[in-house]
1. Which members of the stretch 1-17 meet the condition of being outside any helix (DSSP H, G or I) and crowded, with 16+ Cβ neighbours inside 10 Å?
2. How many of the residues in the stretch 97-118 are in contact (Cβ under 8 Å) with a residue 12 or more places away in the chain and under 14 Å from Asp7 (Cα atoms)?
3. May I ask you to say which residue of Glu80, Glu124, Glu63 is assigned to a helix (DSSP H, G or I), open to solvent by 60 Å² or more (accessible area, probe 1.4 Å), at pLDDT 90 or above and at negative phi?
4. Filter the stretch 25-49 for residues that are open to solvent by 80 Å² or more (accessible area, probe 1.4 Å) and not in a loop (DSSP other than H, G, I, E, B) and give the result.
5. Please go through (1) open to solvent by 50 Å² or more (accessible area, probe 1.4 Å); (2) touching a strand residue (DSSP E or B) at 6+ places or on another chain (Cβ under 8 Å); (3) at pLDDT below 90 for Ala115 and return the number of the only condition it doesn't satisfy.
6. Just checking, does the stretch 138-147 include any residue being of a type in the set (Gly, Ala, Ser) and either at pLDDT below 90 or over 15 Å from the mean Cα position of the chain (by Cα) (or both)?
7. Output the residues belonging to the stretch 183-202 that are of a type outside the set (Lys, Arg) and over 26 Å from Val8 (Cβ atoms).
8. Looking at the stretch 193-216, which of its residues are surrounded by 16 or more Cβ atoms within 10 Å (Cβ to Cβ) and acidic (Asp, Glu)?
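The values are calculated or read from the model by the stated rules, or taken from the named source; none is laboratory data. All values reported here derive from a predicted model rather than from experimental measurement. Cβ: placed from backbone, ideal geometry, glycine included. Neighbour counts: every protein chain shown. Heads up: the accessible areas ignore ligands, DNA and RNA and are worked out on the full protein's heavy atoms, side chains in. Shrake-Rupley method; radii C 1.70, N 1.55, O 1.52, S 1.80 Å.
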Amino acid sequence: MHMKVRDVMSRQIVSVNGCTPFRDVAEVLHTHGVSAVPVVDGEGHVLGVVSEADLLRKEEFREQFYGEGYRPPLRVRLRERIGSPGRSPAVKARGETAAQLMTAPAITARPYTSAVSAARLMSEHGVKRLPVVDDEGRLEGVVSRTDLLKTIVRSDEEVAREIRDDIVESALWADTSHVRVSVADAVVTLSGTMPRRGDVLTLVRMTERVNGVVDVVDRMAWERDDTPEDG
């Protein structure tokens, strides 16, 4: 039920190698309309990522660091002093190739990573795209914020169909012939009857975990209460 990265990622991959010049990297980003591009070696292993921010940082600091008597802003000096991850602005300013400009190591996801976990990675690291790699670190695709939105923006019909097909008719070892599912504005209403209360609770919990479900209204009845009494 939980969508995986492989369900929404793009397999039409744009990448560069470590020797790709600065201007060629910029051209790749512009031509393909992407905000970042993976840097790979000859066998497809992801070495890092070059983003628009990396390229703009080079432009921002190039003239300043080359200029006589220039003193970087306080925020830059503090960032270098505390040893922030990645290359310093001075190094970026002098970089001419993807390998010199990239941010490494890259923040990546696996094809079997859940869409929720991928979104959390993006939020934690402040990135818009993640290279998707196999267990050997070879590039298989790229997942973006836009891709992950597909797991949230789903039609009511699609959500209802998944609940009926994957939960009601397939996942439960119980009589579900009297279960009815309706969805309106991403709110699921479950009604009807099942033999045991425990099965109803399982049905509700599984429905809550379906991608795109905002809330579940439980109007189910049961014939026998098989749940333990509190206390």
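1. Our first condition is that a residue be outside any helix (DSSP H, G or I); within the stretch 1-17, this holds for 1-4, 9-17.
If the condition is that a residue be outside any helix (DSSP H, G or I) and crowded, with 16+ Cβ neighbours inside 10 Å, then Met3, Lys4, Met9, Ile13, Ser15, Val16 are the ones that fit.
2. The total comes to 9.
3. On the way: Glu80 fails: at pLDDT 90 or above; Glu63 fails: at pLDDT 90 or above.
Every option except Glu124 fails the conditions.
4. Taking the stretch 25-49 as the starting set, the residues that turn out to be open to solvent by 80 Å² or more (accessible area, probe 1.4 Å) are 27, 30-32, 42-43.
Matches in the stretch 25-49: Glu27, His30, Thr31, His32.
5. Condition not satisfied by Ala115: (1).
6. Of the residues in the stretch 138-147, the ones of a type in the set (Gly, Ala, Ser) are 141, 144.
From what is left, the residues that are either at pLDDT below 90 or over 15 Å from the mean Cα position of the chain (by Cα) (or both) are none.
No: zero hits.
7. Within the stretch 183-202, the subset of a type outside the set (Lys, Arg) is 183-195, 198-202.
Within the stretch 183-202, Thr189, Leu190, Ser191, Gly192, Thr193, Met194, Pro195, Gly198, Asp199, Val200, Leu201, Thr202 meet the criteria.
8. Of everything in the stretch 193-216, just one residue is surrounded by 16 or more Cβ atoms within 10 Å (Cβ to Cβ) and acidic (Asp, Glu), namely Asp199.
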